[in-house]
1. Take the Cβ-Cβ distance between I47 and L69 as r, set R0 to 30 Å, and report the resulting FRET efficiency rounded to the nearest 0.05.
2. Please sort 64-72, 95-103 by packing, taking for each peptide the average over its residues of neighbouring beta carbons within 10 angstrom, highest first.
3. In degrees, nearest 10, range 0 to 90: what is the angle between the Cα axis of helix 9-25 and the longest Cα principal axis of the chain?
4. Students often check this: by mean Cβ neighbours within 10 Å, which of 23-36, 104-117 ranks highest, and how do the rest follow?
5. Describe numerically, in nm with one decimal, the distance between label points set 7 Å from Cα along Cα→Cβ at W37 and at S110.
6. If you stretched the chain out fully between L92 and Y26, how much longer would it get, using 0.36 nm times the residue separation minus the C-alpha to C-alpha distance?
7. Based on DSSP H runs of at least 4 residues, each adding -39500 (n - 2.57), what is the mean residue ellipticity at 222 nm of the chain after dividing by all its residues, to the nearest 500 deg cm²/dmol?
8. If you wrap a convex hull around the C-alpha atoms of the range 24-70 and split its volume per residue, what is the figure in Å³?
Amino acid sequence: MDEIKIGSNRSFGIVFFVVFLIIAIYPLINDGELRLWSLIISIIFLILGLLNSKILNQLNKLWFKFGILLGKIISPLVMGTIFFLVVTPIGLLMRLLNKDLLNLKFNKSSSYWVEKTEPKSKMKNQF
């Protein structure tokens, strides 16, 4: 299995600068006060990110592992939800309407070969 590379400390620091800056200025939209603690943290991340500091190395690895963990948890949940809310009802509806789109029902004939009635297509002018 190919090993996934962790992003650079610079991009990690800048992304978290933007995130904490948004948290700091968001209350200003509703006439609230600036969140000073978040502004200070965002400036620290900006400085460490621009300096490409090794201090961000452990945080970057921890954040990466957290993302991998979330992917292992959320992906099956989303896929299961899609399956049970979309695919299963469509399958039940097809059974109620006696549709066999894949020709999976038992056929008493000697062969499952499907004879084509229309002429074979030509390979000229495909596009």
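Just so you know, all these numbers are worked out from the coordinates, no wet-lab data involved. Predicted model, so just to flag it, every value in this text is computed and none were measured. Note that we place each Cβ from the backbone using ideal geometry, even for glycine, and neighbour counts take in every protein chain shown.
1. Details: r = 29 Å, r/R0 = 0.96.
My answer for the efficiency is 0.55.
2. 64-72, 95-103
3. Long axis of 9-25 versus the principal axis of the chain: about 80 degrees.
4. 23-36, 104-117
5. In this crude label model, W37 to S110 measures out at 8.2 nm.
6. Once the chain is fully extended between L92 and Y26, it gains 19.1 nm.
7. -18000 deg cm²/dmol
8. Convex hull of Cα atoms, per residue: 95 Å³.
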